[in-house]
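What follows is a single structure, written as structure tokens, with notes after it.
The values are calculated or read from the model by the stated rules, or taken from the named source; none is laboratory data. Please read these numbers as outputs of a predicted model, since none were measured by experiment. Every residue, glycine as well, gets a Cβ built from its backbone with ideal geometry; the counts of neighbours run over all protein chains shown. Only protein heavy atoms, including side chains, enter the accessible area calculation; ligands, DNA and RNA are left aside. Shrake-Rupley method; radii C 1.70, N 1.55, O 1.52, S 1.80 Å.
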Amino acid sequence: CTPTVQVAMPNEPITINLNVKIEHEILVKVDREIDSLLKENSNLF
Amino acid sequence: LSLDDAKSQGLVGERSNGYLGIVVNNPSADVKTLVADINSKRKQAYQESASSAGVELQIIELRIGQRLQQKTGGGQYIQTEGGAWQRK
Amino acid sequence: ALKLQGRASTRLSPFVSDIHWQASPLSLQQAERLWNRYYPPAPPELSVSAGVLHHNGSANISSRGLALRLEQHTDQLAARWGALELQGLNWQSSTELRHSGQLLHQGQVQVERLDTGFPLQAIALDYGYRQTPAQTPVLQLNSLTAQLLGGALALDSVAINPLSPTLSTELRLQQLQLAKVLELQQQEGLSGEGLLSGRLPLTFDASGFQVRDGLIASEGPGEIRFAPDAKVAALGQAHQGMAMALKALKNFQYEALSVKLQYDASGAALMNTRLQGRNPDWNNGRPVDFSINIEQNLLKLMQTLQFTDKLTESIEKRYR
């Protein structure tokens, strides 16, 4: 018998590659601000 | 009366919200004016930092409060979350 | 102050003296002040707010030398050390110094809650310390277990040379809840359901803790939902792969999730994540195979958690 070729739904998985870098900028930004604040107004602390 | 003297004499201490607090129960007039003056200048400085860091004022207040309390030297006072004054 | 009751009996020839003593319960509140009178001084950020120490001991002095036996138990200790807060610590230990000079100490510690940014609960440690003259001392961690993130952790028993403390053991994670793990990220719109377990080869040396090729994998299927805020969505437009990822992750039902973890003492963590599954509402449920490399500094994450912990705490207090 003749082989039947089934055109399956394109079901092989889509591959997605991602590189994610999580920075904790809120803390870094706030601490940098506080560093300069403490330096410029040292008389208040 | 300088801030350093007031702190070393245990008259004032750092609260957890970034501002000064009065430790003694019957503070003299110059202690009260010192604390009021310093706190209003601190608030203004915090507002400027908050806007340039793009965060709410309260985040600067809380984070600087945390750091000021950690930096407080031995023998000086800090206010605990419960509101009690504790000597380091 | 410490009050001791005791009794002693001494015989002169041959010389033998036996002393027994019992300390009255000692409140440990602000014990850091008591500690500060001794050297090395207490760490500056340590403040003890509760706890009671019970102690009794006995000594035997004879021609063979000194033998000591010390028992102690500390109850309901509560303390804060910088950003670290612990409550309900109970510690029982017994120490024995033998005439031969051998020192044997063993103890158990239970902690109800330790907060380092996220809570660890029901911590239980069993340990022993042995020092025999002319031999290297041995600190033995027999068992360490704790509950965290909806699951539990356990450390394999390990022996440590306290003089040059290096350690290599395995940290096992059992049935952590993905929902709670994702909450740690404090990423708006990110949630999930599922169970994670893992084995992390853990080493410790002068520079600190490291994990090499830690493996964390899902137990059974689960789901991840990510409804990004405007900032992340905008990111999606710029990067085609990201756009597709965001569509898939809107309602991602996964069959398998596995993470290979590298962590070094600086806090830098690299997580090679494999995520296999599909979004039934997208691309008519065509299967997706993600491989995501996530870089993050976990120490900075902890610091941010401690700091925002305080923020939410204080806001809650104000509006409660």
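Worth a mention:
- Index of the failed condition, C:VAL288 passing every other in (1) surrounded by 15 or more Cβ atoms within 10 Å (Cβ to Cβ); (2) more than 11 Å from chain A (Cβ to nearest Cβ): (2)
- Some residue of the stretch B:33-56 being more than 12 Å from chain A (Cβ to nearest Cβ) and at pLDDT 90 or above: yes
- Among all residues of the stretch C:95-108, there is none that is farther than 30 Å from C:SER17 by Cα and either aliphatic (A, V, I, L, M) or not in a strand (DSSP E or B) (or both).
- Scan of the stretch C:34-53 for residues that are open to solvent by 50 Å² or more (accessible area, probe 1.4 Å) and in contact with a Pro (Cβ under 9 Å, 6 or more places away or on another chain), ordered by number: C:TRP35, C:VAL52
- Number of residues in the stretch C:160-178 that are open to solvent by 30 Å² or more (accessible area, probe 1.4 Å) and either of a type in the set (Lys, Arg) or at pLDDT 95 or above (or both): the value is 6.
- Screening the candidates C:GLN237, C:GLN253 for the property of being open to solvent by 40 Å² or more (accessible area, probe 1.4 Å) and out of contact with any Asp or Glu (no Cβ under 6 Å at 6 or more places or on another chain) yields one hit, C:GLN237.
- Any chance C:GLN306 is modelled with pLDDT under 95 and either within 11 Å of chain A (Cβ to nearest Cβ) or part of a strand (DSSP E or B) (or both): yes
- Here C:SER164 fulfils each of the conditions (1) among the small types (Gly, Ala, Ser); (2) free of Cβ contacts under 8 Å to residues at least 24 places away in the same chain; (3) more than 30 Å from C:ARG98 (Cα to Cα) apart from (3).
- Filter pass, C:ALA243 being more than 21 Å from C:ALA268 (Cα to Cα) and in a strand (DSSP E or B): no
- Restricting attention to the stretch A:1-41, the residues that are at the interface with another protein chain (Cβ under 7 Å from one of its Cβ atoms), within 30 Å of C:ARG278 (Cα to Cα), modelled with pLDDT of 80 or more and not in a strand (DSSP E or B) total 1.
- Across the stretch C:256-269, the number of residues qualifying as surrounded by fewer than 16 Cβ atoms within 10 Å (Cβ to Cβ) and within 12 Å of another protein chain (Cβ to nearest Cβ) comes to 2.
- If you check C:TYR263, C:TYR254, C:TYR319 for being modelled with pLDDT of 95 or more, closer than 30 Å to B:LEU62 by Cβ and of a type in the set (Ser, Thr, Tyr), only one passes: C:TYR263.
- Total residues in the stretch C:197-211, condition within 21 Å of C:ALA152 (Cβ to Cβ), out of contact with any Ser or Thr (no Cβ under 7 Å at 6 or more places or on another chain) and of a type outside the set (S, T, N, Q): 6
- Residues in the stretch C:109-119 that are in a strand (DSSP E or B) and either in contact (Cβ under 8 Å) with a residue 40 or more places away in the chain or buried (at least 17 other Cβ atoms within 10 Å of the Cβ) (or both): C:VAL109, C:VAL111, C:LEU114, C:ASP115.
- Taken across the stretch C:98-105, residues that are open to solvent by 50 Å² or more (accessible area, probe 1.4 Å) and hydroxyl-bearing (Ser, Thr, Tyr) do occur, with at least one present.
- When residues of the stretch C:1-33 are limited to those that are touching a residue at least 40 places away in the same chain (Cβ under 8 Å) and exposed (fewer than 11 other Cβ atoms within 10 Å of the Cβ), the one farthest from C:ASN60 (Cα to Cα): C:PRO14
- Members of the stretch B:1-50 that are aliphatic (A, V, I, L, M) and touching a strand residue (DSSP E or B) at 6+ places or on another chain (Cβ under 8 Å): B:LEU3, B:ALA6, B:LEU11, B:VAL12, B:LEU20, B:ILE22, B:VAL23, B:VAL31, B:LEU34, B:VAL35, B:ILE38
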